[in-house]
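> Take this structure, written in structure tokens, and hold onto it; I'll ask about it next.
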Amino acid sequence: MPAPYTIRRFKASDMDRVLEIERASFGKDAYDRKLFAEYERKCGGLFLLAEGSRTVDGYSIACVSGKYSSLVKRGSLVRRNDLVASLESIAVDPRARGKGAASSLLKSTIRRLKLQGVHRITLMVRRSNAVALQFYERRGFTAVRRAPGYYENGEEGLVMRLTL
Ligand SMILES: CC(C)(COP(=O)(O)OP(=O)(O)OC[C@H]1O[C@@H](n2cnc3c(N)ncnc32)[C@H](O)[C@@H]1OP(=O)(O)O)[C@@H](O)C(=O)NCCC(=O)NCCS
């Protein structure tokens with residue numbers, strides 16, 4: 001039975017805990033304080049935390065891009081929605097994995113994106129990250145493109161996509 005998580009927005013006082021989770025999850029590839037602050041500024045509404053009964057166990061960040069546009073087609077005005085999102089990062093404290101924190105974060109992100117009219121979310125994952133790959137596949141993401149040499153160590157990335 002998964003632990004119940006409350007999903008809420010990031011606030012400045014959460015920064016130290018997010019950095020702890022980040023370093024424990026990504027080591028030398030961890031994002032730094034400055035980058036998280038930048039994400040907060042740009043994508044704050046979708047910088048989310050999974051809060052358990054005592055601590056914050058995980059975070060995720062998604063950013064929306066694109067726009068609504070209007071065009072005239074056969075004499076009538078058509079509104080087109082080009083809004084898409086990217087999952088910039090998601091990580092859970094290694095001691096709290098397998099309890100549903102990431103699932104709750106993703107579910108809440110998708111719910112919020114749908115409310116904004118976003119119809120697609122993409123992400124980039126390391127080919128060697130079997131746990132994350134399986135996590136995304138089991139939640140409906142499919143690999144749509146390879147990105148050879150995307151990571152600093154030359155490793156290939158995989159672009160995955162989910163239609164909402
Ligand atoms: C990928 C990651 C975010 C998943 O977080 P999580 O909170 O463990 O995910 P959940 O508990 O919601 O789901 C994990 C799945 O693994 C299973 N699992 C069981 N025991 C587990 C364990 N000890 N550790 C991890 N997963 C476990 C869960 O049952 C679940 O299975 P399901 O897909 O059939 O539902 C987490 O492993 C992580 O932070 N990894 C390092 C950072 C990373 O790679 N991020 C992604 C970059 S693209």
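The values are calculated or read from the model by the stated rules, or taken from the named source; none is laboratory data. Every value quoted in this text rests on a predicted model; they were computed, and no experiment measured them. In this analysis, Cβ positions are derived from the backbone assuming ideal geometry, glycine residues included, and neighbour counts consider all displayed protein chains. Ligands, DNA and RNA are stripped out before the accessible areas are found, and what is left, the full protein with its side chains, is counted by its heavy atoms. Shrake-Rupley method; radii C 1.70, N 1.55, O 1.52, S 1.80 Å.
> Could you check segment 95-105 and list, in sequence order, the residues that are without any contact (Cβ under 8 Å) to a residue 60 or more places away in the chain and either within 6 Å of the ligand (Cβ to nearest atom) or in a strand (DSSP E or B) (or both)?
97, 98, 102
> If I filter segment 111-131 down to residues being of a type in the set (Val, Ile, Thr) and near the ligand (Cβ under 10 Å from one of its atoms), which single residue comes out as farthest from the chain's Cα centre (by Cα)?
In this case the residue turns out to be 131.
> Then there's this: Take segment 132-164 and flag every residue that is touching a residue at least 24 places away in the same chain (Cβ under 8 Å), β-branched (Val, Ile, Thr) and open to solvent by 50 Å² or more (accessible area, probe 1.4 Å).
163, the sole residue that qualifies.
> Moving on to the next point. Return a yes/no flag: does segment 75-94 have any residue that is open to solvent by 90 Å² or more (accessible area, probe 1.4 Å) and within 15 Å of the ligand (Cβ to nearest atom).
No: zero hits.
> Restricted to segment 2-54, and to residues that are at pLDDT 95 or above and polar (S, T, N, Q), which residue is surrounded by the fewest Cβ atoms within 10 Å (Cβ to Cβ)?
13
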